[in-house]
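Here's the structure, in structure tokens; my notes come after.
The values are calculated or read from the model by the stated rules, or taken from the named source; none is laboratory data. Please read these numbers as outputs of a predicted model, since none were measured by experiment. Reconstructed Cβ throughout: ideal geometry from the backbone, glycine too, with neighbour counts over all protein chains shown.
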Amino acid sequence: MAHNVAQKLIASHLVEGILEPGSEVGLRVDQTLTQDATGTMVMLELEAMGLDRIRTELSVQYVDHNLLQTDEKNPEDHLFLQSASQRFGLWFSQAGNGVSHPVHQAHFGRPGTTLIGSDSHTCAAGALGMLAVGVGGLEIAMAMAGQPLYVTLPEIWGVELTGTLPDWVSAKDVVLEMLRRHGVSGGVGRIIEYHGPGLAQLTAMDRHVIANMGAELGATATVFPADDVARDYLEAVGRADAFERWEADEGATYDLTEQIDLSTLEPLIARPSSPGNVVTVAEVAGEEVSQVVVGSSANPGLRDFAVVAEILAGHQSHQGVSVDINPTSREVLADLITGGWLTTLVAAGARIHQSGCMGCIGMGQAPASGRNSLRTMPRNFPGRSGTEEDAVWLCSPETAAAAALTGQITDPRTLEGSHGITYPRAVMPDRYAHFPDMLMPPLPAEDAASVELVKGPNISSLPEFTPIEDHLDISAILVMGDDVSTDEILPAGSRVLPFRSNIPKISEFAFTRLDPEYPAKAAAATGGHVVVAGRNYGQGSSREHAVIAPRYLGLKAVIAVSFARIHWQNLANFGILALEFDNPADLARIATGDQVVLDGVHEALRYESALTARIGGREVGLHHRLSERQVEMILAGGRIPLAAQGV
């Protein structure tokens, strides 16, 4: 039987379950990735588990999110992460080395391997023929302890690419086209595999752009073949020995199919405030722009910066626009210097910032209220930029550069007539800058055992959580709509993220974007509380703080029309019951303050998938999709208490 690439990757790592979409399977994990916004919690979980040394082939801790050192909290967390990496046997990438995803691809990417990361954009590594999945931090900790990754086996969605990209259209427009067609939940329960003759013109970093934003589609993973393009990339970063060919068999089929003729695409842009709110640039041309930001894991390649430099060459950026450049790594910065592109950007009026996530996670570069900010980033959820009333648009580097020149949203194809600029074809070097010594290797086991964890006063231990009760009679203190993101559940940004290691403190920000009184209401709710939501609840990042903080405040259950994959798993990991409406119309009948009564919870979870609740005095049919393993986690109070029982 002919197999596609995703099927081959899954089959080669299967340790539990059967290969049938919808069933739960266990997959062997080769590599893990953590970053500082989520990694501190992972290290505290390893400590709570009493782990002596990691059991994966390779694990890396990156510092790329929380780079602003406005006080002592971030640098103290960086010291903690470095000491934990030494203690448990991880590689360590210090602040300034760059964004985890492109750095990991350059230094550790290996076709045919599995990678899981406590960052939803870990899926970017699928560009090299890897099975790369974003998960919650506790999933990472368990994988480091030698446990499989448990996932509901997705359908494989084959997207055939044909044709050739026109001038002024690039990889970002390809994934924006997928979002225009399918929205932010179109990939839920699916692995996207790109194939077809159109792949030949997409470089490994172009594929990284597309795979990265598979997270915005809600996909479990995005997979590209490991073909000649992947081989050329690994040679260019000095790692030719890492190449192994992984391609679909002739005649391979897919559960779902799609086709994109690249030659028909035009410049696209996602309007505020969702990656799925995509229109053509031509439709919104003329909107004034006050900020342009280039960088992030969604457009991290040297080419993405070089094309902006070549468009701006010989011009000055518009006086009303702040042009912000985030080189994605030290190595990209070095290549920008060597190629002369950095000088061009500086001469054009650009501001050069640190190598890291920065504005993408709301750590600096916040726009002015109500002013349009065009960004080559993956997300534009409300307030994510650091400005509550923001207006963030997502676009390609070409569209960003056009706005930098004109001061308004501009179809970049018009630059040929208005500014006499021909489409730049930036020539990439045969070998990219590669600084292997910038990463700290793991200590030998005999030295690691004596390392003490460096904990500043802002680092607290992981709270202990009790099992869910058999009878719940608690209040629904918050009722929400569709597509609630983790940025709205537990905000990021420079005001909040420095408390990522301090659960009591960070809990003060839970749900405050939706209801500033939520923490106070939770404290006043006797015996815990429930929150209620619409479709795709918990979309966005993998941050488990969006579960731990409400759990700390007494959240017992979430009732929603549907859940985003990572958040749904995180809820089970920390003992919060995730229930779905039998009839989505019941959501409209529930009001804040309604009492929610559930009887016989334990037996219902173990032996049934259906439950009946009384909400506001009315009977409401509910169900869960938890596996037997997840049910035992809920009944134990979470995955760590369950592991302590030896299960």
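Assorted remarks:
- Only one entry of Val237, Val229, Val223, Val209 meets the criterion of being farther than 21 Å from Gly112 by Cβ and touching a helix residue (DSSP H, G or I) at 6+ places or on another chain (Cβ under 7 Å), and that entry is Val209.
- Being under 24 Å from the mean Cα position of the chain (by Cα), outside the structural domain of Cys360 (by TED's automatic domain parsing), under 18 Å from Ala400 (Cα atoms) and modelled with pLDDT of 95 or more is a description that applies to Arg271.
- Here is the figure for region 588-617: residues that are under 15 Å from Ala557 (Cβ atoms) and in a helix (DSSP H, G or I) total 4.
- Scanning region 259-296 for residues that are among the polar types (S, T, N, Q) and buried (at least 18 other Cβ atoms within 10 Å of the Cβ) yields a total of 5.
- Selection status of Val174, among the β-branched types (Val, Ile, Thr), assigned to a helix (DSSP H, G or I), closer than 18 Å to Pro197 by Cα and at pLDDT 95 or above: yes
- Flag for Asp487 being in the same structural domain as His567 (by TED's automatic domain parsing) and touching a strand residue (DSSP E or B) at 6+ places or on another chain (Cβ under 9 Å): no
- Selection within region 362-383 - under 21 Å from the mean Cα position of the chain (by Cα), more than 19 Å from Gly214 (Cα to Cα), of a type outside the set (Gly, Ala, Ser) and part of a loop (DSSP other than H, G, I, E, B): Met363, Gln365, Pro382
- Only one entry of Gly370, Gly407 meets the criterion of being among the small types (Gly, Ala, Ser), surrounded by fewer than 16 Cβ atoms within 10 Å (Cβ to Cβ) and in contact with a strand residue (DSSP E or B) (Cβ under 7 Å, 6 or more places away or on another chain), and that entry is Gly370.
- The residue pairs whose first member lies in region 125-145 and is at positive phi, whose second member is of a type in the set (A, V, I, L, M) and buried (at least 24 other Cβ atoms within 10 Å of the Cβ), and whose beta carbons are closer than 9 Å, counting only pairs six or more residues apart or on different chains, are Gly129/Val5; Gly129/Leu9; Gly129/Val223; Gly129/Ala226; Gly129/Ala230.
- Residue check, Pro442 touching a strand residue (DSSP E or B) at 6+ places or on another chain (Cβ under 7 Å), outside the structural domain of Leu336 (by TED's automatic domain parsing) and closer than 20 Å to Arg87 by Cα: yes
- Criterion violated by Leu642 - all others in (1) over 22 Å from the mean Cα position of the chain (by Cα); (2) of a type outside the set (Asp, Glu); (3) under 20 Å from Val532 (Cβ atoms) satisfied: (3)
- Hey, Asp228 of a type in the set (D, E, K, R) and buried (at least 24 other Cβ atoms within 10 Å of the Cβ) or not: no
- For the residues Val60, Val15, Val103, Val42, the requirement of being touching a residue at least 12 places away in the same chain (Cβ under 8 Å) and touching a His at 6+ places or on another chain (Cβ under 9 Å) singles out Val60.
- Filter pass, Ala84 being assigned to a helix (DSSP H, G or I), outside the structural domain of Asn502 (by TED's automatic domain parsing), at pLDDT 95 or above and over 19 Å from Ile361 (Cβ atoms): yes
- Inter-residue pairs, beta-carbon under 7 Å, first more than 20 Å from Val323 (Cβ to Cβ) and in region 369-380, second surrounded by 23 or more Cβ atoms within 10 Å (Cβ to Cβ), 6+ apart: Arg379/Glu216; Arg379/Pro275; Arg379/Gly540
- Test for His101: is it in a helix (DSSP H, G or I) and within 22 Å of Pro457 (Cβ to Cβ): no
- Residue within region 133-145 that is surrounded by 24 or more Cβ atoms within 10 Å (Cβ to Cβ), in a strand (DSSP E or B) and not assigned by TED's automatic domain parsing to the domain that holds Ala564 present: yes
- Qualifying residue in region 543-556 (condition: out of contact with any helix residue (DSSP H, G or I) (no Cβ under 7 Å at 6 or more places or on another chain), at pLDDT 95 or above, outside any strand (DSSP E or B) and under 25 Å from Ala219 (Cβ atoms)): no
- At least 3 residues being within 20 Å of Asp324 (Cβ to Cβ) is the threshold, and among the strands (runs of 3 or more DSSP E) wholly inside region 250-305 those reaching it are 291-295.
- Verdict on Thr34 being under 22 Å from Thr328 (Cβ atoms) and not in a helix (DSSP H, G or I): yes
- Qualifying residue in region 82-94 (condition: of a type outside the set (Phe, Trp, Tyr), touching a His at 6+ places or on another chain (Cβ under 7 Å), closer than 22 Å to Glu57 by Cβ and surrounded by 21 or more Cβ atoms within 10 Å (Cβ to Cβ)): no
- Test result for Leu635, within 30 Å of Gly50 (Cβ to Cβ), in a helix (DSSP H, G or I) and under 32 Å from the mean Cα position of the chain (by Cα): yes
- Failed condition for Ile468, given (1) of a type outside the set (Gly, Ala, Ser); (2) without any contact (Cβ under 8 Å) to a residue 12 or more places away in the chain; (3) not in a helix (DSSP H, G or I): (2)
- Residues that are over 30 Å from Ala236 (Cα atoms) and aliphatic (A, V, I, L, M) do not occur anywhere in region 422-438.
- Exclusive hit being β-branched (Val, Ile, Thr), in a helix (DSSP H, G or I) and closer than 18 Å to Ile634 by Cβ, set Ile559, Ile566: Ile566
- Checking Leu622, Leu626 one by one, the residue that is of a type outside the set (D, E, K, R), under 19 Å from Ala572 (Cβ atoms), modelled with pLDDT under 95 and under 33 Å from the mean Cα position of the chain (by Cα) is Leu626 and no other.
- Picking from residues in region 193-224 that are among the β-branched types (Val, Ile, Thr) and more than 21 Å from Arg535 (Cα to Cα), the one that is surrounded by the most Cβ atoms within 10 Å (Cβ to Cβ) is Val223.
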